[in-house]
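The values are calculated or read from the model by the stated rules, or taken from the named source; none is laboratory data. In this text the structure is predicted, and so the values were computed from the model without any measurement. As a convention, Cβ positions derive from the backbone with ideal geometry for all residues, glycine included, and neighbour counts pool all protein chains shown. We work out accessible area using only protein heavy atoms, side chains counted, and drop any ligands, DNA or RNA first. Shrake-Rupley method; radii C 1.70, N 1.55, O 1.52, S 1.80 Å.
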Amino acid sequence: MPSGPSPRTSIEGKLFATVLLSVALGTSIPFGLLRLGAHPILAWSGGLLLALILAFALLRPITRNLNRALQSLEGGLLNFRDGDFSISLALNRDDQLGQLAELYNEVGEILRRERAHIHQRELLLDTVIQSSPLALLLIDQSEHIIYANTSARHMLHDGKPLQGHLLGQILPLCPPELAQAIEQKQDGLTSYLDGERSHTLHISNSTFVLNSQKHRLILLREMTRELTRAEVQVWKKVIRLISHELNNSLAPISSMAHSGKLLSEKIDSQQLAGVFDVIAERCRHLTEFTQGYARFAKLPPPVCEEVPWSGLITRLQPLHPFQIHGSLPSRPGYFDPTQLEQALLNLLKNAAESGSAVEDITLQVATDTHGQLLTVRDRGTGMSDKVLQQALLPFYSTKPQGVGLGLALCREIIDAHNGQIQLHNRAEGGLQVSLWLPWQGHHPQE
């Protein structure tokens with residue numbers, strides 16, 4: 001015999017059985033009354049009336065339960081329409097309504113799982129977008145900002161919320177160059193000056209339809225660090241090429257100058273010997289010049305270690321005297337000691353050559369949970385706005401005999417440490433240079 005679940009009792013079967021029972025009872029009663037001698041019309045009328053009453057009495061509980069079940073299903077479907085999938089039906093019925101209730105509960109469970117899955121993906125996506133260094137703005141058709149991530153809030157509104165603001169209310173708070181690029185829907189690179197620092201951003205605009213409305217997506221990416229690194233790599237390549245060619249020429253010239261001087265001594269010509277001495281001296285000077293650039297072009301990766309601040313200060317002070325501003329942190333520094341000493345020596349040398357008194361040249365060291373900050377200050381002549389914008393570029397120098405490598409080497413060293421360098425003119429006169437270095441394993445947001 002075939003096996004399987006027993007068939008459920010249908011609602012139609014229950015109704016049919018009830019009506020059949022009522023009819024059977026209603027027809028049996030008139031026959032009994034006729035045997036007792038009752039009038040036929042009265043007997044059949046009484047039987048019909050009794051059958052109707054009996055049918056109503058038997059069908060009432062069935063219809064009441066049926067109405068309750070239908071109301072439960074209706075309420076559940078209304079919850080579905082309103083997006084509420086948390087309600088389950090508790091209908092313990094062995095009929096089609098019970099089957100519908102079970103199917104409703106199964107669909108509700110599937111929808112609950114799907115909603116939870118979509119919610120988790122939305123949380124993950126929002127976490128990724130909020131932590132991204134890429135600034136993101138979503139503008140609706142009425143020019144209202146309906147979404148902005150953390151980078152956009154810090155870039156355009158000092159970290160304050162942007163949702164709900166009109167784009168026209170936010171743009172006046174931005175640098176004019178950036179506001180103009182956003183307003184004109186430009187795509188590509190734009191640069192602006194924030195105080196004394198130059199920034200370069202890549203702007204991208206796109207439009208799409210969301211909820212039958214046109215929306216605009218603005219992406220702002222900070223390109224300053226990437227462009228700076230690319231620029232430095234180009235400079236390094238040029239320096240290596242020039243150094244190679246100069247060294248190939250200077251070595252034989254120096255050798256020939258030495259041989260010429262020996263020949264001039266044999267013929268006892270002081271004037272000729274002096275000429276060869278000048279040539280040899282210029283060769284030495286050019287060799288030292290190219291070696292300085294070669295050190296910049298071949299700066300090795302930093303080998304960071306813990307360094308006591310007192311030891312660093314002890315090694316620096318005999319070379320370029322300065323004053324310590326404040327107390328030294330108890331926590332040791334973490335950096336490449338050779339490279340950072342070179343960077344600080346360049347800064348202290350510049351401070352001494354700026355016309356500042358020795359007692360006004362100071363070094364301050366501070367640390368926090370994120371990194372270490374070294375600040376060199378002087379009371380010299382400072383820098384003009386034009387010089388500040390180009391001071392960190394290789395080959396740029398305002399000194400008559402300068403080669404333009406001091407600050408460029410400092411920037412290269414600090415960048416290799418994943419740090420930042422900033423130059424500011426002091427309000428009372430002089431220059432302030434700040435070097436920020438992260439602790440081990442910490443990387444700043446670019």
query: Within the range 395-416, is even one residue at pLDDT 80 or above, farther than 30 Å from residue 304 by Cα, crowded, with 17+ Cβ neighbours inside 10 Å and out of contact with any Phe, Trp or Tyr (no Cβ under 6 Å at 6 or more places or on another chain)?
result: no
task: Output the residue which, of all residues in the range 88-122 that are open to solvent by 70 Å² or more (accessible area, probe 1.4 Å) and not in a helix (DSSP H, G or I), is farthest from residue 72 (Cα to Cα).
output: 94
- line: Given (1) modelled with pLDDT under 90; (2) touching a Phe, Trp or Tyr at 6+ places or on another chain (Cβ under 7 Å); (3) β-branched (Val, Ile, Thr), residue 421 misses just (2)
Extreme residue, farthest from the chain's Cα centre (by Cα), among residues of the range 143-153 that are touching a residue at least 12 places away in the same chain (Cβ under 8 Å) and open to solvent by 30 Å² or more (accessible area, probe 1.4 Å): 143
- request: Looking only at the range 302-327, count how many residues are β-branched (Val, Ile, Thr) and part of a helix (DSSP H, G or I).
  value: 2
message: Pairs needed: first member in the range 124-137, among the hydroxyl-bearing types (Ser, Thr, Tyr); second member anywhere, open to solvent by less than 80 Å² (accessible area, probe 1.4 Å); C-beta distance under 8 Å; at least 6 residues apart or different chains.
response: 131/150; 132/149; 132/151
Selection from the range 325-366 of residues that are under 30 Å from residue 301 (Cβ atoms), open to solvent by 50 Å² or more (accessible area, probe 1.4 Å) and of a type in the set (Val, Ile, Thr): 338
